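The values are calculated or read from the model by the stated rules, or taken from the named source; none is laboratory data. Predicted model only: the values in this text are computed from it and were never measured. A quick note on method: Cβ atoms are made from the backbone with ideal geometry, for glycine too, and the neighbour counts reach across all protein chains shown.
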Amino acid sequence: MYKNLEFDKNYIYKLSNEFYNKSNDDIDEIYKKDIIKLIWGNDERIKNIKENLKILKQNNITLFISSKGELYSIIKSINLINISNYFKIIHSSNSGKLYNIENEKIYGKSNFIMNYVFKYYNKILYIDDDHRDALSFYSYLQSNKENECIRNDEYDIVNINNDIKYYFNKQIKNPYFGGINNEIFDSILNIMI
């Protein structure tokens with residue numbers, strides 16, 4: 001959820017009930033605008049997200065979501081602003097469920113990355129707004145003595161068998177960071193293109 005302090009907690013509770021108990025099409029328009037604002041932020045932020053996702057797609061950058069949230073809520077949230085087509089796989093690390101992949105469960109973000117993303121891509125940028133998850137996965141990769149770790153001012157790189165590179169943006173590992181912003185999108189473009 002976007003860090004939005006504009007609404008009082010009773011109204012947030014009302015918005016949550018609308019969101020969880022109705023389909024996106026059935027949510028009252030009065031509440032829908034505020035639900036979108038609560039989850040995604042203001043119109044300018046949503047516009048920037050969409051523009052940046054479009055640029056990434058045009059440059060053949062494949063995007064995955066792996067979140068601790070419930071799959072239903074993740075899908076419903078991204079459908080509110082029509083961005084689901086930008087993501088190849090959407091994963092709930094707590095439930096292990098994968099959107100559009102039946103009868104398969106993978107628990108945890110690291111397992112998802114190692115079992116799905118790792119198989120198909122040789123250049124991976126890991127972005128997470130929870131620095132603990134980013135540090136945990138980075139430490140896991142770093143613990144293998146065969147992996148080469150390269151550090152610079154912007155990001156850390158873990159090079160696996162001179163074949164697969166994981167990039168960890170320094171901002172992502174900052175415990176006070178919250179939410180994906182334009183600087184992160186710029187970093188993605190600089191590293192991946």
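Brief remarks on what is shown
- Residue check, residue 61 touching a helix residue (DSSP H, G or I) at 6+ places or on another chain (Cβ under 9 Å) and either assigned to a loop (DSSP other than H, G, I, E, B) or at pLDDT below 90 (or both): yes
- Conditions (1) over 17 Å from the mean Cα position of the chain (by Cα); (2) farther than 23 Å from residue 23 by Cα; number of the one not met by residue 42: (2)
- The set of residues in the stretch 94-118 that are outside any loop (DSSP other than H, G, I, E, B) and farther than 18 Å from residue 62 by Cβ comprises 97, 102, 103, 104, 105, 110, 111.
- Among (1) assigned to a helix (DSSP H, G or I); (2) within 16 Å of the chain's Cα centre (by Cα); (3) not β-branched (Val, Ile, Thr) - the single one residue 128 does not satisfy: (1)
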